[in-house]
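Chemist: Provided herewith is a single structure, encoded as structure tokens, for subsequent inquiry.
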Amino acid sequence: MKYTIHATCSVLMLPFMLATSAMAGSADVVVENAWARASIGTSRPGAAYMEVHNAGDEPVTLTGLRTDLAMMPEVHRTATDEQGVSSMSPAGQIVIAPGETVAFEPGGLHAMLMQLQRPMEEGETFPLTLTFSDGGETTVEVPILGIAARGPED
Amino acid sequence: MQSRSVLGYGAAALGVLGLALFVGWWQVDGPGAPVPDDGRPLPLTAMEFDLTDHEGRPVGPDTLVGAPSMVFFGFTYCPDVCPTTLADISGWLDALGGDAEQLNVVFITVDPERDNVDAMAEYVGYFHQAIRGWTGPEQQIALAVEGFRATYEKVPTDSGDYTMNHTASVFLFDAEGRFVTTIDYHEPREFAVPKLRRAMNEKDAEGAT
Ligand SMILES: [Cu+2]
């Protein structure tokens, strides 16, 4: 699975990297281990997870998401307080320092996929585009796993 | 005449005050207080609520007494925490193997507006077969949440929908319905499964005496 994602990733990024090789920052972003859970129909929001690595030597700022799967993709953060109460809200812009990896994982950051345009079917994939403050973008193909998946290997 | 009615009011007021004090005592220190309210969930035997499980059967706290129980709150429109909790629990149940059959495992929705019996049935069907889904009228859900000393709150989202903030801890009770402990969200499996075994063993200890 991991190999497939890497392969897909590099193939997708190749033209982009060639086209923007002069651009610093977001051109050095690598997205790995992306995955999402299948949905039941389209009325419930979906969530996708991944690791976003800044391989460059300048900070990059993730400003938003885009996908044809959902009308309203948004970076969300889940927080659980001392009383054990979980809540979820838009995370705003995410700054990734040089060499750092920001993990989108259950119970923390997630790509919230609101207003699904089609059901998320296990075994399929969908393209998710990350947009950055320098105008650059990175698109990753996200594999859809089962509803009960707990991580990219499930 | 006037002084008599004043006296009457006075007596009535004293009566009300007395009753209030009595009710207060009953609830705080008297037999009406099964446990001091230190924020811990009540014993299941002291809770009262009427819900429906995902197969349409009437259920309540009594349903859970007689076997150790694992109970948690959530909602099926929850994209992150709830499927993760259900998946984690499915993993713990797999780790327990055949012993999982001794456990009551219940997912109570805090969003009865969207989570009717059919929605619960479809949703729990994707996870470990031991997991039951309970829903019911909002007011009964509120009673359940209160008994567990949990909380929930409806919050509007940018998309014009709403989401629910809610207690994400998993509550464990022994076979007598007494609260044992919680497994907090994201607690590693190395801690979760032994806690489950503990709640289950308290049942065995009871049985042995
Ligand atoms: Cu979200």
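Chemist: Considering only protein heavy atoms and a 1.4 Å probe, what is the carbon-and-sulfur percentage of the accessible area of the stretch B:57-209?
Modeler: Looking at the stretch B:57-209 in its full context, I get 48 percent from C and S.
Chemist: Would you mind getting me the FRET efficiency between B:Ala67 and A:Glu153? Use the beta-carbon distance for r and R0 = 25 Å, nearest 0.05.
Modeler: On the way: r = 33 Å, r/R0 = 1.34.
After rounding, the FRET efficiency stands at 0.15.
Chemist: The stretch A:32-77: which residues show an accessible-area loss of 50 Å² or more, assembly versus chain alone, 1.4 Å probe?
Modeler: By number: A:Arg37, A:Ile40, A:Arg44.
Chemist: Given H placed on each backbone N at 1.01 Å, which residues far from B:His54 in sequence or on other chains put an amide H within less than 5 Å of it?
Modeler: Hits under the 5 Å cutoff: B:Gly133.
Chemist: Okay, next question. Report the local net charge at A:Ser89: Lys and Arg +1, Asp and Glu -1, summed over other residues whose C-beta lies under 13 Å from its C-beta. Walk me through the numbers on the way to the answer.
Modeler: Numbers: positive: A:Arg77; negative: A:Glu74, A:Asp81, B:Asp80, B:Glu153, B:Asp158.
Once all neighbours under 13 Å are counted, the net charge is -4.
Chemist: Can you figure out the FRET efficiency of A:Thr129 with B:Ala142, using R₀ = 35 Å and their beta-carbon distance, to the nearest 0.05? Could you put the intermediate results ahead of the total?
Modeler: Details: r = 42 Å, r/R0 = 1.20.
So, using R0 = 35 Å, E works out to roughly 0.25.
Chemist: How large is ³J(HN,Hα) for each residue in the stretch A:128-140, as worked out from phi by the Karplus curve 6.51 cos²θ - 1.76 cosθ + 1.60 (θ = phi - 60°), to whole Hz, x for Gly and Pro?
Modeler: 10, 9, 9, 10, 10, 5, 8, x, x, 9, 10, 10, 10
Chemist: Can you give me the long-range amide H partners of B:Thr151? Hydrogens built in the peptide plane at 1.01 Å from N, cutoff under 5 Å, separation of 5 or more residues or another chain.
Modeler: Those lying under 5 Å, H to H, from B:Thr151 are B:Thr167.
Chemist: Rounded to two decimals, what is the ratio between the C-alpha radius of gyration of the stretch A:23-145 and 2.2 N^0.38 Å?
Modeler: 1.05
Chemist: How large is the accessible surface per residue of the stretch A:29-84, computed with a 1.4 Å probe and reported in Å² as a whole number? Walk me through the numbers before you get to the answer.
Modeler: On the way: 2210 Å² over 56 residues.
In whole numbers, the stretch A:29-84 has 40 Å² accessible per residue.
Chemist: Separate question: HN-Hα J couplings of the stretch A:46-56 from phi, Karplus 6.51/-1.76/1.60, θ = phi - 60°, integer Hz, Gly and Pro as x?
Modeler: x, 9, 10, 10, 5, 10, 10, 10, 9, 7, x
Chemist: Related question: If I model the stretch B:79-209 as equal point scatterers sitting on the Cα atoms and use the Debye formula, what is log10 I(q)/I(0) at q = 0.13, 0.14, 0.15, 0.18 Å⁻¹?
Modeler: Evaluating at q = 0.13, 0.14, 0.15, 0.18 Å⁻¹ gives log10 I(q)/I(0) of -0.59, -0.68, -0.78, -1.10.
Chemist: Check which residues have an amide H placed less than 5 Å from B:Thr181's amide H, if you skip close sequence neighbours.
Modeler: B:Leu172
Chemist: Same structure, new question: Find the sum over both chains of the accessible area lost when A and B are paired, probe 1.4 Å, and report it in Å² to the nearest 100. Don't skip to the end; give the middle numbers.
Modeler: Numbers: alone 8070 and 11390 Å², together 17190 Å².
Chain pair A/B: roughly 2300 Å² of buried accessible area.
Chemist: If you don't mind, another one. Mind listing the phi-derived Karplus ³J(HN,Hα) values for the stretch B:92-100, rounded to whole Hz, using 6.51, -1.76 and 1.60 with θ = phi - 60°, and x for any glycine or proline?
Modeler: Working through the residues one at a time gives 4, 5, 4, 5, 6, x, x, 5, 4 Hz.
Chemist: Over the stretch A:23-145, what is the relative contact order in whole percent, taking alpha-carbon pairs under 8 Å and six or more residues apart?
Modeler: Rounded, it is 36 percent for the stretch A:23-145.
Chemist: Once the stretch A:92-147 is represented by equal point scatterers at the alpha-carbon sites, with solvent omitted, what log10 I(q)/I(0) does the Debye formula produce at q = 0.13, 0.17, 0.28 Å⁻¹?
Modeler: Debye output, listed in q order: -0.44, -0.74, -1.43.
The values are calculated or read from the model by the stated rules, or taken from the named source; none is laboratory data. These figures come from a predicted structure and were not determined experimentally. Cβ sites come from the backbone with ideal geometry, for glycine too, and all protein chains shown count toward neighbours. Heavy atoms of the whole protein, side chains included, go into the accessibility calculation; ligands, DNA and RNA do not. Shrake-Rupley method; radii C 1.70, N 1.55, O 1.52, S 1.80 Å.
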